[in-house]
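Read the structure below first, then the notes.
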Amino acid sequence: MKIEAGELTFEVDRQGDPAAPTVILIAGLGFQLIDWHQNFCSPLVDAGFQVIRFDNRDVGLSDKLEEGGVPDLAAVMGAKLSGTFPDTPFTLEDMAADVSNILSALDISAAHIVGMSMGGMIAQLFALNYPEKTLSLTSIMSSSSEIDLPGPNEAAAAILASAPLSQEMADIVRFGLEVNDVIGSPGFRWDASELEAHIKACVSRCYCPTGYMRQYAAVMAAPGRRQRLKSLTTPTLVIHGSEDPLVQAPCGQDVSNSIPGAQYVEVAGMGHDLSPLLCSRLAELVLPHVRGNS
């Protein structure tokens, strides 16, 4: 369903009893709400939670900010490295405000905040900026955005730099399969035919490479949060994969080490994706956390 939240329109999916405690899921860079597999959502709903998925700004069926143009990512990174604040169409702080606006539009006073990758960064900022709306925080395969943390390994950096210029479905699907081969979870592999069908569904639903670039600029421009995270009192679970080549495990460890009392779980065989098998494992980890802090 479409909702007006702040100055933007968002596509939102609600599952479970609207009167139940709410878990809101914040997707990663370029991910759509359908990337949160039912293997993650259904166990939470069955346990008595309302689960909200939504498309971030500039992806899926939510509003696109094409007036922001296509950012110069090299210039954004150069500005950050030089210590100046990069000029980007929007920031992760804006995206955290989107989450607050969505909850307000749905008349939800507070929720369990769960984010993966870029969504984990947004979730951290939400907990910092809206503590009164945060029942608990779960940061999955994410980072504190500090520049002294390791970046992608060589294979992950190479595959992400080789995106095809073609707009043909077959080429986009082929690239998506190649990306998953490199950054996906070796211990929780997709079924190949199921992954291909999922990529096609995502592309058919919405393909907006310019929106991806604007989100990427927001990620690259984000200031480090290590010092700010030290002030958090929110019950926090940090989950990271031992085999994550994109946002490597020290990044998740840094988030956990920065938040007082945070619980850190490193999952063997987990890379950087949301395969159905991995979603089942993530649900097993997140459910006790949200249940214990409701």
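Some observations on this one:
- Accessible-area order (highest first, 1.4 angstrom probe) of the listed residues Phe31, Phe10: Phe31, Phe10
- Note on the chain: with charges restricted to the Cβ of Lys and Arg (+1) and Asp and Glu (-1), its dipole about the Cα centre is near 620 debye.
- Averaged per residue, region 1-77 has 39 square angstrom of accessible surface, using a 1.4 angstrom probe with ligands and nucleic acids left out.
- Stretched out straight at 0.36 nm per residue, the stretch from Glu284 to Val45 would grow longer than its current Cα-Cα span by 84.8 nm.
- Order of exposure, largest accessible area first, which applies to Cys208, Cys251 with probe 1.4 Å: Cys208, Cys251
- Protein accessible area in region 207-290, 1.4 Å probe - carbon and sulfur %: 54 percent
- Rounded accessible area of Thr134 (nearest 10 Å², 1.4 Å probe): 20 Å²
- Bridge type composition, the chain - antiparallel percent by DSSP, nearest 5: 25 percent
- Inverse of mean 1/r across different Cα pairs in region 161-232, Kirkwood, Å: 14.7 Å
- What separates the Cα centres of region 122-169 and region 196-242 is a distance of 4 Å.
- Based on Cα contacts under 8 Å between residues 6+ apart, region 125-202 shows a relative contact order of 23 percent.
- Candidate aspartates and glutamates - alpha carbon under 19 Å from Lys64, same-chain residues fewer than 8 apart omitted: Glu4, Glu7, Glu11, Asp13, Asp35, Asp55, Asp72, Asp87, Glu93, Asp94, Asp98
- Over all other residues within a Cβ to Cβ distance under 12 Å of Thr88, the charged ones net out to -3, with Lys and Arg as +1 and Asp and Glu as -1.
- Under the shape rule built on the C-alpha gyration tensor, where the axes satisfy a ≥ b ≥ c, region 1-123 is prolate, since a/c reaches at least 1.5 and a/b is greater than b/c.
- Relative protection proxy for 84-91, 154-161, from highest mean packing down: 84-91, 154-161 (other beta-carbon atoms within 10 angstrom).
- In units of the compact-protein estimate 2.2 N^0.38 Å, the chain shows a Cα radius of gyration of 0.92.
- Charge dipole (the chain, unit charges on Cβ, about Cα centre) - positive-most of Ala170, Leu232, Met118: Leu232
- Label point at Glu4 placed 7 Å out along Cα→Cβ; residues across region 56-98 whose backbone nitrogen lies under 15 Å: 63
The values are calculated or read from the model by the stated rules, or taken from the named source; none is laboratory data. Keep in mind that what you see is a predicted model, and the values were worked out from it rather than measured. Heads up, the Cβs are rebuilt from the backbone with ideal geometry, glycines too, and the neighbour counts pull from every protein chain shown. Side chains are part of the model used for accessible areas, which takes the heavy atoms of the whole protein and leaves out ligands, DNA and RNA. Shrake-Rupley method; radii C 1.70, N 1.55, O 1.52, S 1.80 Å.
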